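Colleague: Have a look at this one before I ask anything.
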Amino acid sequence: MLSAIRSYLLPIIKLYLLGLKVLLVQLFSRSFRLPVMPRQDGKVAIVTGGGRGIGYEVVRHMARLGAHVIIGGRDEQEGLAAVRRICEEYKEAKVEFTKLDLASLQSVRQFVQSFKERDLPLNILVNNAGVMLIPEGRTEDGFEQHFGVNYLGHFLLTWLLLDTLKDSGKCGYFSRVVNVSSSAHRIGEIRLNDLNSCQCYSAHAAYCQSKLAQLLFSSHLHQDVQRGGFPLSSCAVDPGMVDTALYRHLWTPLCLAQSAIARLLFRTPAEGAVTVLYVALSPALEGECGGGYWANGRREMTTPATFNPQLQLSLWETSIQLLGLQ
C-alpha cells in the first residue's frame, strides 16, 4: 500500500518541482530569437498536431518560407481552420490537412499510404503532437495513451516514412526528423516490463516515460542513419513551458492557476516554436552538426539514461515487436 502511494505521489512531486525550476530558468534567461532562415521552396514537411499551438506556428512559418506543409492531425475541423488562416495570411502558401490519429496504428498507416501514393519527397518530419496528464486509458490498439500517442504513434509514423526521408535528403540539405519532447524526460523512467503502466498507474509518470522514450528513439535513430551514411538527421527539442492547451488535464485548481500564470509567465506558442524551427531549417545543422537535444536555441546535455546504448536498443527492439515491424 505504502509503495503504491509512493509510486503515485513521487512523480507528481518531481514533475511540479521540475516545472517550477524550468519556469524560473526560463524567466531569467534571454529567449533565443530565430535567425533569418533560407527559403524552403520545393521542400515538403509533415507536422503532426499542426492545427494549433506550437505546431501551428511551425507550419505557419514554414509556409511563409515557401515549404509545402502537410498538417497531420486528429481534429479535421481544427486542421482545416488552420489551413484557411494561413492561406489568408500568405496567399501563396502551400498548406493542407490530412487526418492522422496517433492513437490508432491503422490511422497512421493510412496517413502514410495516402502520402506515399502522391510520390512527394519528404524533407522535414516534425513529431509535435502529444498528450499530457490525461486520465488512464488505452489507445485503439491497447497501449497506455501517453506511451501510445506521444511515442509509439510517432515511432510508427517515422519508421514508415524513413525510406522517403532517406531518399529525399542530399548532400548540403539533409532530411530532418524533429521530435518535440519536454524537460519532463529528465525524471522519466523506462520500465521495459511495464511500458503500458499497468502495475501502478500515474499519469505523471506515464507522461515522463513517454518523453524519455522520445529522446531515446531520437538519439538511436540519428546514430543509426549516420552509421548507414544516409543524408538524414534526427534531433529532439524542448520548447520550454508554453501557453498551450497541453495543460488542460491538470487537476482543476491547478489548471485554473496555471491558466492565469501562463498568460503572464509562459512562452507564447510562437516563442515555443522558435527552437523547433531552428533545428528543422537552419543550414548550420547540416550533416554531422545535426542531432542532439535542443532547448532555447542551444544543444544541451541531458540525463545519462538518454545516452545508454543498451536502453536505446532495448526500447527500439521492443517497439518494433509491439508494432509488428520487421
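Colleague: For the chain, give the magnitude of the charge dipole about the Cα centre (Cβ charges: +1 Lys/Arg, -1 Asp/Glu; no others), in debye to the nearest 20. Write out the running numbers ahead of the final one.
Modeller: Working: 32 positive and 28 negative charges, 160 e Å.
Dipole about the Cα centre, nearest 20: 760 debye.
Colleague: Hey, another quick one. Where the centre of each part is set by its Cα atoms, how far does segment 91-141 sit from segment 1-73, in angstrom?
Modeller: Using only Cα atoms, the two centres lie 17 Å from each other.
Colleague: Counting Lys and Arg as +1 and Asp and Glu as -1, each charge on the Cβ, what is the dipole of segment 80-178 about the Cα centre in debye, to the nearest 20? Before the final figure, lay out the partial values.
Modeller: Working: 12 positive and 13 negative charges, 64 e Å.
The dipole of segment 80-178 has a size of about 300 debye.
Colleague: Over all directions, the average projected area of the alpha-carbon convex hull for segment 1-139 comes to how many nm²? If you can, show how the numbers build up before the last one.
Modeller: Values: hull surface 46.2 nm².
Its average projected convex-hull area is 11.5 nm².
Colleague: A further question on this structure: Among W316, F111, S183, pick out the residue whose Cα is farthest towards the positive end of the charge dipole of the chain, where Lys and Arg carry +1 and Asp and Glu carry -1 on C-beta, about the Cα centre.
Modeller: The residue sitting most towards the positive pole is S183.
Colleague: Once you sort the root eigenvalues of the Cα gyration tensor of segment 2-70 as a ≥ b ≥ c, which label holds: rounded (a/c under 1.5), prolate (a/b larger than b/c) or oblate (the other case)? Write out the running numbers ahead of the final one.
Modeller: Details: a/c = 4.90, a/b = 2.06, b/c = 2.38.
Cα axes put segment 2-70 in the oblate bin.
Colleague: Let me ask another. List the pairs from K43/K94; K43/K116; K99/K166; K166/K211; K99/K211; K14/K211 whose alpha-carbon separation is above 20 Å, in the order I gave them.
Modeller: The answer is K99/K166; K166/K211; K99/K211.
Colleague: Pull out a ≥ b ≥ c, the square roots of the eigenvalues of the alpha-carbon gyration tensor of the chain, then state rounded if a/c is under 1.5, prolate if not and a/b is larger than b/c, and oblate in the remaining case.
Modeller: Rounded, since a/c falls under 1.5.
Colleague: Nearest 5 percent is fine: what portion of the DSSP beta bridges confined to the chain is antiparallel?
Modeller: Here the share of antiparallel DSSP bridges comes out near 10 percent.
Colleague: Membrane-span-like helices in the chain: DSSP H runs reaching 24 Å or more (Cα, own axis), mean Kyte hydropathy at least 1.0?
Modeller: Within the chain the helices that satisfy the rule are 2-27.
Colleague: Suppose the chain between E288 and L24 were pulled fully straight at 0.36 nm per residue; how much longer would it get relative to their current alpha carbon spacing?
Modeller: Gain on stretching E288 to L24: 91.8 nm.
Colleague: Per the helix-only calculation at 222 nm, which mean residue ellipticity applies to the chain, given -39500 (n - 2.57) for every DSSP H run of n ≥ 4 and division by its residues, nearest 500 deg cm²/dmol?
Modeller: -15000 deg cm²/dmol
Colleague: Now for a different question. Per-residue HN-Hα couplings for segment 119-136, Karplus 6.51 cos²θ - 1.76 cosθ + 1.60 at θ = phi - 60°, whole Hz, x for Gly and Pro?
Modeller: Result, rounded to whole Hz: 6, 8, x, 9, 9, 9, 10, 10, 8, 9, 4, x, 10, 9, 6, 7, x, 4.
Colleague: Right, another one. Only Cα pairs under 8 Å and at least 6 apart count here; give the relative contact order of the chain as a rounded whole percent.
Modeller: 19 percent
Colleague: With equal scatterers on the alpha carbons only and no solvent term, can you work out the Debye log10 of I(q)/I(0) for segment 70-165 at 0.11, 0.18, 0.19 1/Å?
Modeller: Computed log10 I(q)/I(0) values: -0.35, -0.88, -0.96.
Colleague: Using alpha-carbon pairs under 8 Å, 6+ residues apart, how would you state the relative contact order of segment 144-224 in percent?
Modeller: On the way: 62 pairs, mean separation 34.0, N = 81.
It comes to 42 percent, rounded to a whole number.
All of the numbers you see were taken from the coordinates with simple rules; none came from a lab. Because the structure is a prediction, the values reported are computed rather than measured. Neighbour counts run over all protein chains shown; Cβ positions are idealised from the backbone, glycine included.
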